[in-house]
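Below is one structure. I have some questions about it.
Please treat every number below as a calculation from the coordinates, not as lab data. Values in this document were obtained by computation on a predicted structure and should not be read as measured data. No Cβ is skipped: glycine too gets one built from the backbone with ideal geometry, and neighbour counts run over all protein chains shown.
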Amino acid sequence: GEDVEQSLFLSVREGDSSVINCTYTDSSSTYLYWYKQEPGAGLQLLTYIFSNMDMKQDQRLTVLLNKKDKHLSLRIADTQTGDSAIYFCAEAPISDSWGKLQFGAGTQVVVTP
Amino acid sequence: DVKVTQSSRYLVKRTGEKVFLECVQDMDHENMFWYRQDPGLGLRLIYFSYDVKMKEKGDIPEGYSVSREKKERFSLILESASTNQTSMYLCASSLTRQGSYGYTFGSGTRLTVV
């Protein structure tokens, strides 16, 4: 497909791990990003991974990249209520001559007590 | 930290009004973008700019125009507001054209057209 795809909704219990999945479009994308949007706010860059990496860990966040399948995932360990937000994945495709990012539609994560 | 500031968090305008949404960034970024965000539709790019006085149409430019007279400021203009332009508007900036550092977003302006 031509769109960056994400599932729209994820419900997780507090303390469990969350895994948010994303399929991107351009195998030559150099950078892939995860953004977080809290209610009523703009998007905040959470983390990014360079395309020559398979994994990146940053405290409770783990990003996994499978270039062969063009699959990106974000794992949040020990999910807290403050993690309730919309999470967007984005790619920087080489095919875009302007270097614009392509965003997925976002995954709404709801953390329940 | 880079800051992207949108002048209004909430706006209510009447149909037919000319509306200006202002965005200012303070870290000398080359690139600036305007998106609208609607439930179920994600982010849709309206216009972007890679230099002063330079603009390019995004995916949904109809009914909008932009102005970039100074590097730090990128304005979105709704020439004649309509109810279908009720939305959350997000401004973003990035350091380089390749976007390797990602975008920095403002807090958003929720516009209601009545």
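How high is the relative contact order of chain B, in percent, counting Cα pairs under 8 Å that sit 6 or more residues apart?
Here the relative contact order equals 36 percent.
Give, as ranges by residue number, the residues of the range B:33-75 whose backbone N falls under 16 Å from the point 7 Å along Cα→Cβ of A:Leu45.
B:33
While we're on this one: Connecting C-alpha atoms closer than 10 Å in a GNM of chain A, tell me which of A:Asn66, A:Asn52, A:Asn21 has the biggest fluctuation.
A:Asn52
Please give the FRET efficiency for A:Leu61 paired with B:Glu17, using the beta carbon to beta carbon distance and R0 = 25 Å, rounded to the nearest 0.05.
Efficiency at R0 = 25 Å is approximately 0.05.
Most mobile of B:Leu11, B:Leu78, B:Leu95 per a Gaussian network model of chain B (Cα springs, under 10 Å)?
B:Leu11
If only Cα atoms are counted, what is the Rg of the protein assembly as shown, and what is its Dmax, in Å?
Spelled out, the Cα radius of gyration and Dmax of the protein assembly as shown are 17.6, 51 Å.
Per-residue HN-Hα couplings for the range A:56-61, Karplus 6.51 cos²θ - 1.76 cosθ + 1.60 at θ = phi - 60°, whole Hz, x for Gly and Pro?
Calculated HN-Hα couplings, in order: 9, 10, 9, 6, 7, 9 Hz.
Further question on the same structure: Apply the Karplus curve 6.51 cos²θ - 1.76 cosθ + 1.60, θ = phi - 60°, to the phi angles in the range A:67-72 and return the couplings in whole Hz, x for Gly and Pro.
Whole-Hz 3J(HN,Hα) from phi for the range A:67-72: 5, 4, 9, 6, 10, 10.
Hey, which lysines would be in cross-link range of A:Lys56, C-alpha to C-alpha under 27 Å, not counting anything within fewer than 8 residues on its own chain?
The reachable lysines, counting only those whose Cα sits under 27 Å from A:Lys56, are A:Lys36, A:Lys67, A:Lys68, A:Lys70, A:Lys100, B:Lys3.
Under 37 °C and 0.692 mPa s, how fast does the range A:1-73 diffuse according to Stokes-Einstein, given a Kirkwood radius computed over C-alpha pairs? Answer in µm²/s, whole number.
Here the translational diffusion coefficient equals 244 µm²/s.
With a cap of 10 neighbouring Cβ atoms within 10 Å, and only residues DSSP puts in a loop, list the trypsin sites (Lys or Arg not before Pro) found in the range A:1-100.
When the trypsin sites (Lys or Arg not before Pro) of the range A:1-100 are filtered for loop state and at most 10 Cβ neighbours within 10 Å, A:Lys68 remain.
Of A:Gln37, A:Gln102, A:Gln59, which has the largest mean-square fluctuation in a 10 Å C-alpha GNM of chain A?
In the Gaussian network model the winner is A:Gln59.
Let me ask something else about it. Mind listing the phi-derived Karplus ³J(HN,Hα) values for the range A:28-40, rounded to whole Hz, using 6.51, -1.76 and 1.60 with θ = phi - 60°, and x for any glycine or proline?
Here the 3J(HN,Hα) series is 9, 4, 8, 10, 10, 10, 10, 10, 10, 10, 7, x, x Hz.
Here is a further query. Stretched out fully, how many nm does the piece from A:Trp98 to A:Thr81 gain, at 0.36 nm a residue minus the Cα gap?
Answer, rounded to one decimal: 2.4 nm.
Kirkwood Rh and Cα-based Rg: tell me the resulting Rg over Rh for the range B:4-114, rounded to two decimals.
Across the range B:4-114, the Cα-based Rg/Rh ratio is 0.95.
Next question, about the same structure. First select every other residue whose beta carbon is under 9 angstrom from the beta carbon of B:Ser65; then total the charges, Lys and Arg +1, Asp and Glu -1.
0
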